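Single-structure report; data block below.
No lab work stands behind these numbers, since they all come straight from the coordinates. Note that this is a predicted model, so its numbers are computed, not measured. Cβ coordinates were reconstructed from backbone atoms using ideal geometry, including for glycine residues, and neighbour counts include every protein chain displayed.
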Amino acid sequence: MDFPVISADSHVTEPPNTYIDYADPDFRDRAPRLAEEEEGVAFDIEGMGKFRIAVAAGAGIPPEQRTERLKNMSDLHRSGWDSRYRLEDQKKDGVAAEIIYPTVGMILCNHPDIDFKVGCFNAYNRWIAEYCAFAPNHLLGVGQTAMRAPQEGIRDIEAIKAAGLRGVMMPGVPGVEDYDSPIYDDFWAAAVENDVPLAFHILAVGGHEFKYRGEKVNIFSMVLRGVQDVIGMMIFGGVFERHPKLKIVCVEGDAGWLPHWGHRLDRAYVEHRHHLGSRGLTKMPSEYFFENIYFTFQDDPIAFRCADMMNWKRLMWANDFPHSDATWPHSQKILEEQTRCVTEEQKRAILCENAADLYKIDLTVFDKAIAV
């Protein structure tokens, strides 16, 4: 490839001091703390129990070996919390830059105590800004808001942007009403005015009632439902009708399902729009779906095969490092195989230019030695 590859969804593994040393003083006694136990390293979270992070740091390790090999923080990918090591891991995967999301922070999005979330996210935003400052062209952090109230969310957008972070990660459930309510119009307008993308990440949109049926592995298939619910609510609630320049990112939800789901949205509107009352839309739902929303995916060959059936200028590839679902360190081999069905223009857009445009990444800063 003759262009730098950008991962639109990568992660950190928050270190033990994230929610303590970077927290407001009155929150530190309640902050999540690391617990290194025989079963593996975990964060002890008030009101949620223990979140074991080994599975969230298993990139490149065979599934059957993760439990035994990931016992302590020292066993995890060091670049997950120490950015001095991150660029080397990027080079191993042929990646020039990453949009960085949290790991523990994803789970915290579903915490039932919104004041607790505020304390955690204030600390995380300070820590991730410091982590990314080591290599700001290669590490582009996304801050978090608890969305306790619309006006507080606006202040979070402004603070996150001022800290040099490139986007705002949203919890699935806000503190007041829901996202289709007109009370959030000022918040959406602020996101547009500040030109800051807002992200809904799988596993972080289920509220505190996140459940699955049957075997635990079923979570892998059902996580799409949470982001689909948010997207559908915003489309049919007229959010994009009122804010046509709003940019939402659906993170790690894959993309092969988009053509069919866009059709489902339109069929629902044609057959059942009387349920909307007088709040009709001036466009078909799929038009908002394919224009206002960006989608990240990693190992999803169907997304490339169906690129012409959707707006491929809204697709962004990702490696998900250092999570266990990551394509690292084999991303280049996977991409070589999966991108054979798209044009060079589409390939460059999906692997580089779409993310660069959305997050204002200056591609001229990357040395050709990094572009693989």
Exercise. Mind checking which pairs have a first residue in the stretch 94-116 that is at positive phi and a second that is crowded, with 24+ Cβ neighbours inside 10 Å and in a loop (DSSP other than H, G, I, E, B), Cβ under 8 Å, 6 or more apart or different chains?
Worked result: GLY94/VAL5
Problem set entry | the stretch 234-272, residues that are under 16 Å from ASP180 (Cα atoms) and out of contact with any helix residue (DSSP H, G or I) (no Cβ under 7 Å at 6 or more places or on another chain) | GLY237, GLY238, GLU241, PRO244
For this session: Determine, yes or no, whether ALA204 is touching a strand residue (DSSP E or B) at 6+ places or on another chain (Cβ under 8 Å), part of a loop (DSSP other than H, G, I, E, B) and either without any contact (Cβ under 8 Å) to a residue 24 or more places away in the chain or not β-branched (Val, Ile, Thr) (or both).
Result: yes
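In the stretch 207-237, which residue that is part of a helix (DSSP H, G or I) and basic (Lys, Arg) is surrounded by the fewest Cβ atoms within 10 Å (Cβ to Cβ)? Even if it seems obvious, please write down each step before you answer.
Filtering the stretch 207-237 down to residues part of a helix (DSSP H, G or I) leaves 216-222, 224-236.
Restricting the remaining residues to those that are basic (Lys, Arg) gives 216, 225.
Numbers: LYS216: 7, ARG225: 13.
Here the answer is LYS216.
Residue-by-condition table, conditions (1) farther than 25 Å from PHE236 by Cβ; (2) surrounded by 19 or more Cβ atoms within 10 Å (Cβ to Cβ); (3) hydroxyl-bearing (Ser, Thr, Tyr):
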site	(1), (2), (3)
VAL104	yes, yes, no
CYS120	yes, yes, no
TYR124	yes, yes, yes
LYS161	yes, no, no
ILE183	no, no, no
ALA189	no, no, no
VAL192	no, no, no
LEU198	no, yes, no
ALA204	no, yes, no
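Being surrounded by 22 or more Cβ atoms within 10 Å (Cβ to Cβ), under 25 Å from TYR124 (Cβ atoms), in contact (Cβ under 8 Å) with a residue 40 or more places away in the chain and among the aromatic types (Phe, Trp, Tyr) is the requirement here; does PHE240 meet it?
Values: surrounded by 22 or more Cβ atoms within 10 Å (Cβ to Cβ): yes; under 25 Å from TYR124 (Cβ atoms): no; in contact (Cβ under 8 Å) with a residue 40 or more places away in the chain: yes; among the aromatic types (Phe, Trp, Tyr): yes.
So PHE240 does not fit the description; no.
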Exercise. Has the stretch 41-52 got any residue that is over 18 Å from ASN110 (Cβ atoms) and either touching a Ser or Thr at 6+ places or on another chain (Cβ under 9 Å) or surrounded by 15 or more Cβ atoms within 10 Å (Cβ to Cβ) (or both)?
Worked result: yes
For this session: Could you please find all residues in the stretch 27-50 being free of Cβ contacts under 8 Å to residues at least 40 places away in the same chain and not hydrophobic (A, V, I, L, M, F, W, C)?
Result: ARG28, ASP29, ARG33, GLU36, GLU37, GLU38, GLU39, GLY40, ASP44, GLY49, LYS50
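Check every one of the helices (runs of 4 or more DSSP H) wholly within the stretch 1-94 and list those with 3 or more residues that are closer than 18 Å to ASP325 by Cβ and out of contact with any Leu (no Cβ under 9 Å at 6 or more places or on another chain). Full working, then the answer.
Details: elements: 18-21, 66-69, 86-93.
Ranges flagged: 66-69, 86-93.
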For this session: For the stretch 148-159, state whether one or more residues are closer than 25 Å to ASP357 by Cβ and in a loop (DSSP other than H, G, I, E, B).
Result: no
